[in-house]
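Everything below concerns the one structure shown next.
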Amino acid sequence: MEKFVPVAEKDITRAIVAEFAKQFEEYVESDCIIVGAGPSGLMAGRRLAQAGKKVLIVERNNYLGGGFWIGGYLMNKITVRHPGERVLDELGIPYIEVSHGLFVTDGPHACSKLIAATCDSGVKFANMTAFDDLVLREDGRVYGVVINWTPISALPREITCVDPVAIESTVVIDATGHDAQVVKKLEERGLIKTKGFGAMWVERSEDLIVEHTGEVYPGLVITGMAVSTTYGLPRMGPTFGAMLLSGEVAARVVLEKLK
Ligand code: 48F
């Protein structure tokens with residue numbers, strides 16, 4: 001059997017540190033920072049990177065994919081309504097049509113393919129990294145985000161006093177799902193008023209979320225369930241076509257702004 005090449009422990013450590021530092025420094029400034037690696041954030045990132053843009057996705061969890069892994073009710077099945085299956089076709093995700101225009105696929109298969117496709121497009125990730133705040137200037141525009149390692153917030157206050165750092169981008173996308181965490185930072189400062197998502201009404205919600213996806217404040221675009229929370233749209237439950245298509249719309253809005 002072929003043996004592994006001899007490498008010292010210190011060389012492995014050096015490789016990790018050097019490559020992390022190189023990427024981190026490069027992505028201190030990018031075209032677009034997306035907060036949240038759920039289906040809408042991944043889709044937006046993929047479309048932007050496909051258009052040649054420099055994109056960093058900040059994700060507080062170790063795993064990427066948000067709610068796209070397990071779909072509804074911990075049952076590992078993802079539903080998508082027409083025309084969302086266009087994205088499943090593009091990514092080579094197998095699915096079945098259970099009734100006219102209603103498709104079902106396996107969460108792990110769909111999610112892993114979307115993550116891989118997003119990586120393939122050139123998007124970079126800062127996972128285990130939590131969005132903490134926005135970078136705002138007097139001109140009333142968003143210039144970036146303040147981030148910290150996720151474990152910092154889990155440690156007792158008395159043993160942690162770790163200042164966060166800021167990274168900049170021309171545009172920021174809030175793809176943090178129901179919590180709309182980025183938009184909420186504007187609300188805390190009285191710059192915007194969110195309505196909180198409404199009661200479930202799937203027939204209305206998917207179209208409304210895609211229609212309302214866009215710039216909510218200069219330099220800040222919203223996508224996915226953050227749109228629902230911001231505008232008080234009905235919640236949509238365990239169906240995902242609107243998340244994928246909303247991500248595409250967000251990318252189009254950002255590309256327009258980057259022109
Ligand atoms: O929740 P999530 O999947 O958002 P989405 O893309 O899709 C919503 C659906 O999954 C589902 C639904 C529709 O079918 O109702 O819920 O709108 O992904 C949001 C991601 O953002 C991350 C979070 O861990 C998740 O992966 N996130 C949330 N807050 C922060 C964050 C934060 N402060 N910093 C970094 N990441």
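The values are calculated or read from the model by the stated rules, or taken from the named source; none is laboratory data. Computed from a prediction, not measured in an experiment: that's the story for all the values here. With ideal geometry, Cβ positions are generated from the backbone for all residues, glycine too; neighbour counts draw on all protein chains shown.
Kindly establish whether LEU208 is surrounded by 21 or more Cβ atoms within 10 Å (Cβ to Cβ) and within 26 Å of ARG47 (Cα to Cα). So LEU208 fails the test.
Among SER246, SER228, which is within 21 Å of GLY196 (Cα to Cα), out of contact with any Leu (no Cβ under 9 Å at 6 or more places or on another chain), buried (at least 24 other Cβ atoms within 10 Å of the Cβ) and among the polar types (S, T, N, Q)?
SER246
For GLY45, are the conditions met, namely being surrounded by 22 or more Cβ atoms within 10 Å (Cβ to Cβ) and closer than 25 Å to ILE152 by Cα? Judged against the criteria, GLY45 is not a match.
Among the residues of region 106-131, those that are within 11 Å of the ligand (Cβ to nearest atom) and either at positive phi or surrounded by fewer than 17 Cβ atoms within 10 Å (Cβ to Cβ) (or both) comprise ASN127, MET128. Taking each residue of region 122-151 that is over 22 Å from GLY65 (Cβ atoms) and without any contact (Cβ under 8 Å) to a residue 24 or more places away in the chain and looking for partners that are surrounded by fewer than 16 Cβ atoms within 10 Å (Cβ to Cβ) and hydrophobic (A, V, I, L, M, F, W, C) with beta-carbon atoms closer than 6 Å, six or more apart or interchain, yields VAL146/ALA166.
Every residue, every condition in (1) outside any helix (DSSP H, G or I); (2) touching a helix residue (DSSP H, G or I) at 6+ places or on another chain (Cβ under 7 Å), yes or no:
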residue	(1), (2)
LYS113	no, yes
PHE125	yes, no
GLY140	yes, no
TYR143	yes, no
ILE147	yes, no
SER153	no, no
ASP163	yes, no
ALA166	yes, no
THR170	yes, yes
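Evaluated against (1) in contact with a helix residue (DSSP H, G or I) (Cβ under 7 Å, 6 or more places away or on another chain); (2) in contact (Cβ under 8 Å) with a residue 12 or more places away in the chain; (3) not hydroxyl-bearing (Ser, Thr, Tyr), GLN181 falls short on exactly one condition, (1).
Only one of these is farther than 19 Å from GLY36 by Cα, modelled with pLDDT under 95 and not in a loop (DSSP other than H, G, I, E, B): GLU211, GLU203. Name it.
Going through GLU211, GLU203 in turn, just one is farther than 19 Å from GLY36 by Cα, modelled with pLDDT under 95 and not in a loop (DSSP other than H, G, I, E, B): GLU203.
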